[in-house]
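Following: one structure in structure tokens, then a few remarks.
The values are calculated or read from the model by the stated rules, or taken from the named source; none is laboratory data. Keep in mind the model is a prediction, meaning the values are calculated, not measured. Glycine gets a Cβ as well: all are built from the backbone with ideal geometry, and neighbour counts include every protein chain shown.
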């Protein structure tokens with residue numbers, strides 16, 4: 001099965017100059033935990049998660065009007081819509097991420113989440129392994 005068959009299409013994105021407060025509100029309104037950050041040609045330049053806003057924004061005492069480029073993850077890991085879902089699971093597992101932007105010809109065309117794999121019984125093992133790897137701390141907790 002290809003990523004295209006399970007990805008969420010019609011993904012909202014934000015500009016790198018969007019205020020973190022506006023992005024957080026958009027996440028709440030859309031009931032999502034991450035939003036791709038794109039330039040004016042809809043090319044991805046990063047992704048911002050609710051965790052980024054908390055750990056890099058609130059904990060660092062940034063003003064809520066601070067632009068999202070100060071808290072977003074700039075090293076974007078993504079997958080092609082033509083990739084097999086096993087590849088998406090592998091990327092999530094290796095990079096300890098739960099959401100993976102889907103990029104085609106340099107443009108955001110969707111997003112695939114660990115839950116998209118888990119709800120398909122034939123990929124439950126891939127999803128379980130990925131979730132296990134994602135949940136393993138990348139460094140010791142203090």
Report task. Within the range 8-18, identify whether any single residue is surrounded by fewer than 17 Cβ atoms within 10 Å (Cβ to Cβ), in a strand (DSSP E or B) and modelled with pLDDT under 95, and answer yes or no. Result -> yes
Query - Those residues of the range 64-73 which are farther than 25 Å from residue 7 by Cα and either surrounded by 15 or more Cβ atoms within 10 Å (Cβ to Cβ) or under 17 Å from the mean Cα position of the chain (by Cα) (or both), in sequence order - result: 66, 67, 69, 70, 71
**Report entry** Matching residues in the range 74-90 - criterion: being touching a strand residue (DSSP E or B) at 6+ places or on another chain (Cβ under 9 Å), surrounded by fewer than 17 Cβ atoms within 10 Å (Cβ to Cβ) and not in a loop (DSSP other than H, G, I, E, B)
**Finding:** 84, 87
Query raised in the report: In this structure, does residue 60 turn out to be outside any helix (DSSP H, G or I) and either closer than 13 Å to residue 6 by Cβ or at pLDDT 90 or above (or both)?
Result: no
Requested in this report: Answer yes if at least one residue in the range 19-31 is in a strand (DSSP E or B), modelled with pLDDT of 95 or more and more than 17 Å from residue 108 (Cα to Cα), and no otherwise.
Outcome: yes
Query raised in the report: Does residue 109 count as in a strand (DSSP E or B), in contact with a helix residue (DSSP H, G or I) (Cβ under 6 Å, 6 or more places away or on another chain) and either at pLDDT 95 or above or surrounded by 15 or more Cβ atoms within 10 Å (Cβ to Cβ) (or both)?
Result: no
Report task. Considering (1) under 24 Å from residue 117 (Cα atoms); (2) surrounded by 15 or more Cβ atoms within 10 Å (Cβ to Cβ); (3) under 15 Å from the mean Cα position of the chain (by Cα), say which one residue 31 fails and leave the rest. Result -> (2)
